[in-house]
Amino acid sequence: MKKIITLLLIAFLSTNCSGNDDDTTQNPVVGTWKLMKTDKVVFTGTTGIVSTDHSSQNIIYKFDSKANLTITNGADVKTSKYEYKFDYLSGSNTPGETKQNMVVIDGSKYLYSLVDGQMKLDESYVDGQTLYLKKQ
């Protein structure tokens, strides 16, 4: 009887751990993305959104499975840490708040969505910019 329980315990622990080994299936941002455009809310006389088209430029965001982000713009290369997660914007369960998909880059929280095949990283909730990236 002890052998059966031991075998069942080993089988249970083996199957429980095997599902967490591949982060790329759980992290949809992993890969190489080209920046297509940015939107920014501006407050000059009247409030509006300024869009900048980056599609003719070669600005590349490379998210790897080890939480490293490399942004390349010609010879200019910037590296950062990032995290893809499903969490509250406030960081805790505030009444009325729901969890959302987000990408945190160097402490800045961007709401994540996939729209028409483009990744949208939105920081407009704090008057930040919105990035639109296309998978390469």
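The values are calculated or read from the model by the stated rules, or taken from the named source; none is laboratory data. Here the structure is a predicted model, which is why all the values come from computation and not from measurement. Glycine also receives a Cβ, built like all others from the backbone with ideal geometry; neighbour counts cover every protein chain displayed.
Can you name every one of the strands (runs of 3 or more DSSP E) wholly within segment 24-132 that holds 1 or more residues which are without any contact (Cβ under 8 Å) to a residue 24 or more places away in the chain?
31-44, 46-53, 68-73, 76-87, 100-105, 108-115, 118-122
How many of the residues making up segment 41-100 are touching a helix residue (DSSP H, G or I) at 6+ places or on another chain (Cβ under 8 Å) and of a type in the set (Gly, Ala, Ser)?
Here is the first cut: in segment 41-100, the ones touching a helix residue (DSSP H, G or I) at 6+ places or on another chain (Cβ under 8 Å) are 41, 65, 89.
Still in the list and also of a type in the set (Gly, Ala, Ser): 65.
Counting residues in segment 41-100 that are touching a helix residue (DSSP H, G or I) at 6+ places or on another chain (Cβ under 8 Å) and of a type in the set (Gly, Ala, Ser) gives 1.
Could you list all residues from segment 52-79 that are under 21 Å from the mean Cα position of the chain (by Cα) and either on the phi > 0 side of the Ramachandran plot or modelled with pLDDT under 95 (or both)?
ALA67
Surrounded by fewer than 16 Cβ atoms within 10 Å (Cβ to Cβ), hydroxyl-bearing (Ser, Thr, Tyr) and modelled with pLDDT of 95 or more: does that describe SER113? Spell out the reasoning first.
Values: surrounded by fewer than 16 Cβ atoms within 10 Å (Cβ to Cβ): yes; hydroxyl-bearing (Ser, Thr, Tyr): yes; modelled with pLDDT of 95 or more: yes.
Taking the combined requirement at face value, the residue satisfies it.
Filter segment 90-110 down to the residues that are within 27 Å of THR32 (Cβ to Cβ) and not basic (Lys, Arg) and list them by number.
Applying the first criterion (within 27 Å of THR32 (Cβ to Cβ)) to segment 90-110 yields 100-110.
If the condition is that a residue be within 27 Å of THR32 (Cβ to Cβ) and not basic (Lys, Arg), then GLN100, ASN101, MET102, VAL103, VAL104, ILE105, ASP106, GLY107, SER108, TYR110 are the ones that fit.
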